[in-house]
Number of protein chains: 2
Amino acid sequence: MSGDADGTARRRGRPPRTESGDTRDRILVTAREEFSERGYEKTSVRGIAKAAGVDPALVHHYFGTKEQVFAAAIEVAFAPAMDAPEAIADGPLDGVGERLTRFIFGVWENPATRTPLLAILRSAVNNEAAAAVFRRLIAAQLLRRVAAQLNSPDAELRVELAAAQLVGCAMLRYVIKVEPLASADPEQLVARLAPVVQGHLTGP
Amino acid sequence: MSGDADGTARRRGRPPRTESGDTRDRILVTAREEFSERGYEKTSVRGIAKAAGVDPALVHHYFGTKEQVFAAAIEVAFAPAMDAPEAIADGPLDGVGERLTRFIFGVWENPATRTPLLAILRSAVNNEAAAAVFRRLIAAQLLRRVAAQLNSPDAELRVELAAAQLVGCAMLRYVIKVEPLASADPEQLVARLAPVVQGHLTGP
């Protein structure tokens with residue numbers, strides 16, 4: 001560790017500036033793993049700190065409360081997805097349903113994004129603080145940004161009902177694993193769901 | 001208590017035959033409350049027995065394992081709803097979407113059925129044994145019975161995608177509480193969702 005190697009005396013758990021970015025990232029990655037494995041309620045700042053090999057005070061220093069650590073961990077997991085709304089809304093409006101549907105299936109079919117998504121869903125279903133984070137990040141940032149492109153007076157409700165179709169499909173397919181939905185070919189599902197999503201977004 | 005009043009000596013928690021129906025019902029009601037309040041994982045047969053004032057062995061005697069108690073508690077909570085599939089599928093096929101949508105909203109808007117439904121959803125999202133119960137009861141009994149009326153080769157997938165729209169709406173409205181969906185007028189939602197559900201069930 002550079003902090004030990006250069007022999008600088010420092011407060012326990014407070015690294016020198018040069019490695020603070022690395023430490024912050026390591027805490028975030030660890031937090032994401034802990035929340036994914038244990039869910040929101042069973043994860044503690046102390047546990048994250050222990051798994052990341054840092055002092056709990058450092059976790060608080062960088063992120064604040066457990067709720068704020070959770071929000072930061074979600075934001076990191078979904079940083080690539082956060083650029084999606086513009087890409088989804090870009091292009092011809094009559095293809096926005098298919099673009100949104102394919103994007104959501106892409107996130108769920110990829111194990112790297114499915115795991116944190118499952119963790120968020122499980123946490124949000126069981127804990128009000130986690131639900132609030134979900135509302136703020138996913139709803140406000142993702143859905144609102146898609147809604148902004150629609151130019152409809154009830155754009156937000158439209159996007160939410162479209163999201164409801166896709167969230168419900170994810171619930172039954174990936175979480176509850178109801179057959180035949182759980183084993184259905186993703187392309188078959190996209191073919192069925194894209195027009196529904198399109199109808200919610202731009203239909204009468 | 002009749003057992004104490006008539007002074008009959010009996011093994012602890014094992015009631016005389018005449019009151020066994022009452023005791024079984026009391027265990028079931030208590031189990032439903034315990035699962036609703038604590039969720040599947042945090043509920044124990046011992047806890048249910050204690051809250052019902054009976055010996056844990058009696059709970060096992062009547063229902064078997066914790067998973068079987070959970071299944072029985074869900075079945076009781078949804079006994080009225082289990083008659084619904086025929087009623088929903090009855091009548092003109094072009095109104096089945098609205099009947100199913102109104103039925104689901106009826107269940108969710110009524111606090112007496114919303115509470116056990118939330119408990120089942122929370123449990124199923126977090127625990128594989130609870131998810132299996134959900135699959136067997138809700139999926140197999142409710143969805144299959146609607147599908148049986150449709151006379152379509154992919155009727156089961158159709159019903160599941162329709163259910164996905166309604167499950168997702170329930171998730172975002174009642175669990176995550178995303179606005180404006182959470183505060184939207186139920187009639188407005190039925191008007192938007194019934195045609196979508198209809199399309200899944202009987203559309204091209």
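Of the conditions (1) within 21 Å of residue A:130 (Cβ to Cβ); (2) loosely packed, with under 14 Cβ neighbours inside 10 Å, residue A:90 satisfies every one except a single condition; which number is it?
That leaves (1) as the condition not met.
Scanning the range B:108-127 for residues that are small (Gly, Ala, Ser) and either in contact with a His (Cβ under 9 Å, 6 or more places away or on another chain) or crowded, with 16+ Cβ neighbours inside 10 Å (or both), which turns out nearest to residue B:36 (Cα to Cα)? Before you say what the answer is, go through the steps one by one.
Applying the first criterion (small (Gly, Ala, Ser)) to the range B:108-127 yields B:112, B:119, B:123-124.
Checking which are either in contact with a His (Cβ under 9 Å, 6 or more places away or on another chain) or crowded, with 16+ Cβ neighbours inside 10 Å (or both) leaves us with B:119, B:123-124.
On the way: B:119: 5, B:123: 9, B:124: 12 Å.
Among those residues, the one meeting the criterion is B:119.
Kindly list the number of the only condition in (1) touching a Pro at 6+ places or on another chain (Cβ under 6 Å); (2) within 10 Å of another protein chain (Cβ to nearest Cβ); (3) touching a residue at least 60 places away in the same chain (Cβ under 8 Å) that fails for residue A:130.
(1)
Being away from chain B (no Cβ under 11 Å) and within 15 Å of residue A:70 (Cα to Cα) is the filter here, so list the residues in the range A:133-142 that pass it.
A:137
Restricting attention to the range B:53-89, which residues are modelled with pLDDT of 75 or more and of a type in the set (Asp, Glu)?
Those that are modelled with pLDDT of 75 or more and of a type in the set (Asp, Glu): B:55, B:67, B:75.
Sort out which residues of the range A:193-204 are within 16 Å of residue B:168 (Cβ to Cβ), more than 8 Å from chain B (Cβ to nearest Cβ) and of a type in the set (Gly, Ala, Ser), and write them in order of number.
A:194
Scan A:157, A:143, A:161, A:166 and give me the residue that is in a helix (DSSP H, G or I), under 21 Å from residue B:192 (Cα atoms) and in contact with a His (Cβ under 6 Å, 6 or more places away or on another chain).
That would be A:161, the only listed residue that is in a helix (DSSP H, G or I), under 21 Å from residue B:192 (Cα atoms) and in contact with a His (Cβ under 6 Å, 6 or more places away or on another chain).
Limited to the range A:133-166, what total is found for residues that are under 25 Å from residue B:159 (Cβ atoms) and touching a residue at least 60 places away in the same chain (Cβ under 8 Å)?
Of the residues in the range A:133-166, 2 are under 25 Å from residue B:159 (Cβ atoms) and touching a residue at least 60 places away in the same chain (Cβ under 8 Å).
Taking the condition away from every other protein chain (no Cβ under 11 Å), buried (at least 24 other Cβ atoms within 10 Å of the Cβ) and not polar (S, T, N, Q), does residue B:161 pass?
Against the criterion (away from every other protein chain (no Cβ under 11 Å), buried (at least 24 other Cβ atoms within 10 Å of the Cβ) and not polar (S, T, N, Q)), residue B:161 does not qualify.
Looking only at residues in the range A:32-73 that are of a type in the set (D, E, K, R) and in contact with a helix residue (DSSP H, G or I) (Cβ under 7 Å, 6 or more places away or on another chain), which one is surrounded by the fewest Cβ atoms within 10 Å (Cβ to Cβ)?
A:46
Would you check if residue B:98 is more than 30 Å from residue A:39 (Cβ to Cβ), touching a helix residue (DSSP H, G or I) at 6+ places or on another chain (Cβ under 9 Å), surrounded by fewer than 16 Cβ atoms within 10 Å (Cβ to Cβ) and in the same structural domain as residue B:182 (by TED's automatic domain parsing)? Spell out how you get there, then give the answer.
On the way: more than 30 Å from residue A:39 (Cβ to Cβ): yes; touching a helix residue (DSSP H, G or I) at 6+ places or on another chain (Cβ under 9 Å): yes; surrounded by fewer than 16 Cβ atoms within 10 Å (Cβ to Cβ): no; in the same structural domain as residue B:182 (by TED's automatic domain parsing): yes.
Taking the combined requirement at face value, the residue does not satisfy it.
Take the residues of the range B:167-192 that are at the interface with chain A (Cβ under 7 Å from one of its Cβ atoms) and touching a residue at least 24 places away in the same chain (Cβ under 8 Å): which is nearest to residue B:97 (Cα to Cα)?
By that ranking, first place goes to B:169.
Of everything in the range B:169-204, what is crowded, with 19+ Cβ neighbours inside 10 Å and part of a loop (DSSP other than H, G, I, E, B)? Give them in sequence order.
B:176, B:178
Identify, by number, the condition in (1) more than 23 Å from residue A:126 (Cα to Cα); (2) hydrophobic (A, V, I, L, M, F, W, C); (3) surrounded by fewer than 16 Cβ atoms within 10 Å (Cβ to Cβ) that residue B:29 doesn't meet.
(1)
Quick one: is residue B:107 of a type outside the set (S, T, N, Q), under 25 Å from residue B:42 (Cβ atoms), touching a residue at least 24 places away in the same chain (Cβ under 8 Å) and at the interface with chain A (Cβ under 8 Å from one of its Cβ atoms)?
When the stated conditions are applied, residue B:107 does not pass them.
Quick check: anything in the range B:128-139 among the aromatic types (Phe, Trp, Tyr), in a helix (DSSP H, G or I) and buried (at least 18 other Cβ atoms within 10 Å of the Cβ)?
yes
The values are calculated or read from the model by the stated rules, or taken from the named source; none is laboratory data. Given the structure is predicted, the values throughout are model-derived calculations rather than measurements. For neighbour counting, all protein chains shown are included, and Cβ atoms are generated from backbone atoms with ideal geometry for every residue, glycine included.
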